[in-house]
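Since the structure comes first, as structure tokens, the remarks are kept for the end.
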Amino acid sequence: MLELRNVSFAVNDTEEKEIVRNLSLTVESGKFVVITGPNGGGKSTLAKLIAGIEKPTEGQIFLDGEDITGLSVTERAKLGIGYAFQQPVKFKGIRVFDLLKIASGQAISVNEACVYLSEVGLCAKDYIEREVNASLSGGELKRIEIATVLARKTKLSVFDEPEAGIDLWSFQNLVRIFEKLQKETQDSSILVISHQERILEIADEIIVLSGGTVEQMGTRDEILPKILGTEAAASSCARLSDRRD
């Protein structure tokens with residue numbers, strides 16, 4: 001379980017600017033949670049605070065009851081927090097297989113690595129020996145990055161706008177991957193920063209962030225109709241619930 005208590009984050013340029021303000025929230029184990037809201041609302045900053053890329057100026061962050069506020073990205077990764085960037089990092093000279101081995105933290109076999117690629121919809125034989133460089137499309141890089149998160153078997157996986165920079169076909173595949181992860185999530189949690197309705201529709205819980213603080217928070221059925229403001233949204237939520245039951 002992830003818990004943020006009264007977390008704030010400010011930057012100093014010509015004057016101090018508070019990006020996240022006295023924010024408190026909890027992400028329970030086994031939940032697929034989507035954070036959405038207007039641009040500039042603090043969503044990506046919040047993701048970086050959880051991952052340890054940024055440190056809060058006030059407040060505390062806990063993982064399974066342990067205070068991780070002062071821990072580095074590496075230390076948080078060892079505790080089970082995975083982070084996927086908006087734009088996946090390219091690694092010239094590193095093969096996909098090498099990247100998956102590094103992510104897993106152990107000497108996995110080619111067959112094991114291929115399983116992770118298959119889970120994100122990639123034909124393993126076409127990608128296992130490829131370099132993680134500019135020859136791969138944005139959608140391919142995104143799915144390989146998700147495969148590395150799967151290989152790490154994280155307690156909490158954070159995805160910052162995973163739909164950024166990919167085409168419609170890749171996005172549709174991305175949604176299918178998240179639908180699969182949502183169904184399989186038990187002890188681990190998934191936290192996605194997204195504006196996309198298709199991703200919001202498969203969330204267990206939705207958090208609306210605006211002005212650096214939580215504006216709304218609740219189940220998909222409670223929050224999605226308020227965001228979209230239509231009866232159709234409520235009907236869509238009901239259909240999704242019926243399909244899962």
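Laboratory data are not the source of any read-out in this text; all were calculated from the coordinates shown. Quick caveat, the model's predicted, so the values are computed rather than measured. A quick note on method: Cβ atoms are made from the backbone with ideal geometry, for glycine too, and the neighbour counts reach across all protein chains shown.
Seen from a random direction on average, the alpha-carbon convex hull of the chain projects onto 14.0 square nanometres. For region 198-211, the Karplus equation 6.51 cos²θ - 1.76 cosθ + 1.60, evaluated at θ = phi - 60°, returns couplings of 4, 7, 4, 5, 9, 6, 7, 9, 10, 10, 9, 10, 8, x Hz by residue, with Gly and Pro reported as x.
Amide H to amide H, with H built 1.01 Å from N, Val192 comes under 5 Å of Val33, Val34, Ile35, Phe159, counting only residues 5 or more places away or on other chains. Sequence-ordered 3J(HN,Hα) estimates for region 21-35 from the Karplus curve with 6.51, -1.76 and 1.60 and θ = phi - 60° stand at 10, 6, 8, 10, 7, 10, 10, 6, 4, x, 10, 9, 10, 10, 9 Hz, glycine and proline given as x. For Trp169 and Leu228, a Förster radius of 30 Å and the Cβ-Cβ distance give a FRET efficiency of 0.75, rounded to the nearest 0.05.
For region 2-244, relative contact order (Cα pairs under 8 Å, six or more residues apart, normalised by length) works out to 27 percent.
Neighbours of Ser104, meaning other residues whose beta-carbon lies under 12 angstrom from its beta-carbon, give a summed charge of +1 when Lys and Arg score +1 and Asp and Glu score -1. Between amide H atoms placed 1.01 Å from N, distances below 5 Å from Glu58 occur with Ser8, all of them 5 or more places distant or on a separate chain. Computed from backbone phi with θ = phi - 60° and the Karplus coefficients 6.51, -1.76 and 1.60, the 3J(HN,Hα) list for region 50-55 is 5, 6, x, 5, 10, 10 Hz; x is used for glycine and proline. Distances between placed amide hydrogens fall under 5 Å for Ser137 paired with no residue 5 or more residues away or on another chain. Principal axis analysis of the Cα atoms in region 98-186 yields extents of 35, 34, 19 Å, listed in decreasing size. Nearest 5 is fine: what % of DSSP beta bridges in the chain come out antiparallel, could you say? Of the beta bridges lying entirely in the chain, close to 60 percent run antiparallel.
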